[in-house]
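Peer 1: A single structure is presented below for examination.
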Amino acid sequence: MMLRVSLGDRIRSAREAAGKSREELADQVGVSVKTIGNWETDRVTPKSKLGALERVLGVQLRGTRGRQGVDLDDASDAQVLSNIAGRLAERDVMRDRIRELTAEVQALRAQLSSISRGEESPAGAPQQLRPGYERDQRQEQ
C-alpha cells in the first residue's frame with residue numbers, strides 16, 4: 001500500500017526518532033531553529049540542506065515527488081504514521097476542549113446579561129457581578 005506523507009512530516013518524524021530537539025538539529029545542520037520549524041511545517045523546502053539533514057538524521061528524505069510528499073512503502077515508516085495519528089488525536093482533544101470552553105463562555109455571557117438587566121444573580125456568581133455590589137461597597141465606607 002502506498003501512502004503520501006509530506007516532506008515536513010517526514011523530517012519531523014525522523015528528528016523525533018533520532019531523539020533530537022529542533023535546536024540540536026539546527027546546530028548540526030547549520031541553520032536556524034526557525035528554519036527547521038519551516039521545513040517541518042512545509043512552509044519551506046530544505047533544498048540545498050536536504051543532504052545534510054539526511055546525514056545527520058540517518059534517513060533518506062528524498063522522494064520522487066519533492067515538496068508534495070514522499071512515498072512510503074516499508075515498515076520503517078511506521079513512526080511517521082504513528083506521529084500523524086497522534087497529532088490527529090491531539091487535534092480532536094483540542095477541538096472538544098474548544099467546544100467546552102465555548103459553551104462556558106456562552107453561559108457566562110447569559111449570566112452577565114441577566115445581571116446587567118438587574119435580574120437575580122445565580123448562586124456562585126462572583127460577588128462583583130451581583131446587582132448592588134458597588135452600592136453596598138459605597139455604603140460600607
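Peer 1: Which number in (1) without any contact (Cβ under 8 Å) to a residue 12 or more places away in the chain; (2) of a type outside the set (Ser, Thr, Tyr); (3) closer than 19 Å to Ala85 by Cα marks the one condition that Ile11 misses?
Peer 2: Ile11 satisfies every listed condition except (1).
Peer 1: Taking the residues in region 34-54 that are of a type in the set (Lys, Arg), at pLDDT 90 or above and part of a helix (DSSP H, G or I) as candidates, determine which candidate is surrounded by the most Cβ atoms within 10 Å (Cβ to Cβ).
Peer 2: Applying the first criterion (of a type in the set (Lys, Arg)) to region 34-54 yields 34, 43, 47, 49.
Narrowing the set further to residues that are at pLDDT 90 or above leaves 34, 43, 49.
Now drop any that are not part of a helix (DSSP H, G or I), which leaves 34, 49.
Numbers: Lys34: 12, Lys49: 16.
Residue satisfying both the conditions and the ranking: Lys49.
The values are calculated or read from the model by the stated rules, or taken from the named source; none is laboratory data. The structure presented is a predicted model; accordingly, all values stated were derived computationally and were not measured. Cβ: placed from backbone, ideal geometry, glycine included. Neighbour counts: every protein chain shown.
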